[in-house]
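In what follows, a single structure is set out as structure tokens and then discussed.
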Amino acid sequence: MKEKGAIRLIPVLLVVLAVGVFLALNSVYSINEQEQAVVVTLGSPSTVSTPGLHFKIPFLQQVRKVSTVINGFPIGYDIETKAPIEAESLMITSDYNFVNVDFFIEYKVSDPVKFLYASQQPVLILKTLAQSYIRDTIGLYPVDEIITTGKNTIQAEIKEKLITRLEQEDIGIQLVNITIQDAEPPTAEVLEAFKAVETAKQSKETAINNANKYQSEQVPAADAEVDQILKQAEATRQNRINEATGQVARFNAMYEEYTKYPLITKQRMFYEAMEELLPELKIIIDDGSGETTKFLPLETFPAVGGKEEN
């Protein structure tokens, strides 16, 4: 009888043991360094962020783990095949051109409780908001800036808009970064045209640099030449002023003499004029035979009141 009673207790003991093991396994959970846990006690959630082994009340507490590492997703292409998704990447610019732009969004969970319970699909909400602000911002820029020089500005503007909106939505997600992976026209012909535009811009910059270099070389020389010309002009002006002043003085002195002795002054002026002109003249006498020619220089007129020169 004792043996039969012991045999009957074996299943009970096994059940008790199984229940004990089950309760033990459901009473502990562990968290690694890149996780946080949300413990829900009778519908009330709380966050556990300390890594290691933790205990919970079976059946009364539920645990959901949330990764806190940085995650990401693409917009405009498939992450595995790298194939473009035109429904996401094709956009219109401010100058009414089309452009294909690919983005990559990086995010992390900032509040596990809100991430799990503030919305049903927080990552989908982030993607939808990102697509909206991307299209809105791309539409503010011309196509050449999007493809060439404006990428950093566009990224920063979209990031600021998304961060502000996520703070308003408060869904437990933090935006880490947004990056333009690629931007190009939708056709090969347009792409070649934009390459030509970029080449022209580079040629323009080269021409401007060369012009600035030539200017920096020529302006000092031109300034020096201008300075020299101005100095020469000033010297010429002063010489002419001095000459004119001397002539005026001589004329005034002559006029004073004229008022005193008009006839004598006229004769003197005549003789002085002849003295200047006649020495340069020569009289050529030709007797008509063509053989003999004589040059007779005129003698200088004697000065008025003076002696005749020999």
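Among the residues of region 111-133, some residue qualifies, meaning at least one is surrounded by 16 or more Cβ atoms within 10 Å (Cβ to Cβ) and of a type in the set (Lys, Arg).
Here are Ile163, Ile173, Ile180: which of them is touching a Lys or Arg at 6+ places or on another chain (Cβ under 6 Å) and either assigned by TED's automatic domain parsing to the domain that holds Ala130 or aromatic (Phe, Trp, Tyr) (or both)?
Working: Ile163 fails: touching a Lys or Arg at 6+ places or on another chain (Cβ under 6 Å); Ile173 fails: touching a Lys or Arg at 6+ places or on another chain (Cβ under 6 Å).
That would be Ile180, the only listed residue that is touching a Lys or Arg at 6+ places or on another chain (Cβ under 6 Å) and either assigned by TED's automatic domain parsing to the domain that holds Ala130 or aromatic (Phe, Trp, Tyr) (or both).
Counting only helices (runs of 4 or more DSSP H) wholly contained in region 79-163, no element carries 2 or more residues that are in contact (Cβ under 8 Å) with a residue 60 or more places away in the chain, in contact with a Ser or Thr (Cβ under 8 Å, 6 or more places away or on another chain) and at positive phi.
Which of the residues that make up region 251-275 are surrounded by 10 or more Cβ atoms within 10 Å (Cβ to Cβ) and basic (Lys, Arg)? Once the filter is applied, which keeps residues that are surrounded by 10 or more Cβ atoms within 10 Å (Cβ to Cβ) and basic (Lys, Arg), region 251-275 yields Lys266, Arg268. Among the residues of region 92-110, those that are under 16 Å from Val176 (Cβ atoms) and surrounded by 19 or more Cβ atoms within 10 Å (Cβ to Cβ) comprise Phe103, Ile105, Tyr107, Val109.
Any idea how many residues of region 131-171 are small (Gly, Ala, Ser) and more than 26 Å from the chain's Cα centre (by Cα)? Before the answer, list the steps.
Restricting attention to region 131-171, the residues satisfying the condition of being small (Gly, Ala, Ser) are 132, 139, 150, 156.
Applying the additional criterion that residues be more than 26 Å from the chain's Cα centre (by Cα) yields 132.
Selection size over region 131-171: 1.
Which of the residues belonging to region 40-60 are more than 15 Å from Val28 (Cα to Cα) and touching a helix residue (DSSP H, G or I) at 6+ places or on another chain (Cβ under 7 Å)? Answer for region 40-60, where residues must be more than 15 Å from Val28 (Cα to Cα) and touching a helix residue (DSSP H, G or I) at 6+ places or on another chain (Cβ under 7 Å): Pro45, Thr47. Beta carbons closer than 8 Å, at least 6 apart along the sequence or on distinct chains, pair a first residue in region 201-226 that is on the phi < 0 side of the Ramachandran plot and touching a residue at least 40 places away in the same chain (Cβ under 8 Å) with a second that is not in a helix (DSSP H, G or I) and not hydrophobic (A, V, I, L, M, F, W, C) for Lys201/Thr148. Here Val143 meets each of (1) crowded, with 17+ Cβ neighbours inside 10 Å; (2) touching a helix residue (DSSP H, G or I) at 6+ places or on another chain (Cβ under 6 Å) with one exception, condition (2).
Do we have Lys195 as surrounded by fewer than 17 Cβ atoms within 10 Å (Cβ to Cβ) and of a type in the set (Lys, Arg) here? Can you show your working first?
Numbers: surrounded by fewer than 17 Cβ atoms within 10 Å (Cβ to Cβ): yes; of a type in the set (Lys, Arg): yes.
Spelling it out, Lys195 is indeed surrounded by fewer than 17 Cβ atoms within 10 Å (Cβ to Cβ) and of a type in the set (Lys, Arg).
Please indicate, with yes or no, whether at least one residue in region 108-119 is small (Gly, Ala, Ser) and touching a strand residue (DSSP E or B) at 6+ places or on another chain (Cβ under 7 Å). Within region 108-119, one or more residues are small (Gly, Ala, Ser) and touching a strand residue (DSSP E or B) at 6+ places or on another chain (Cβ under 7 Å).
The values are calculated or read from the model by the stated rules, or taken from the named source; none is laboratory data. Just so it is clear, the structure is predicted and the values come from calculations on it, not from any experiment. Cβ: placed from backbone, ideal geometry, glycine included. Neighbour counts: every protein chain shown.
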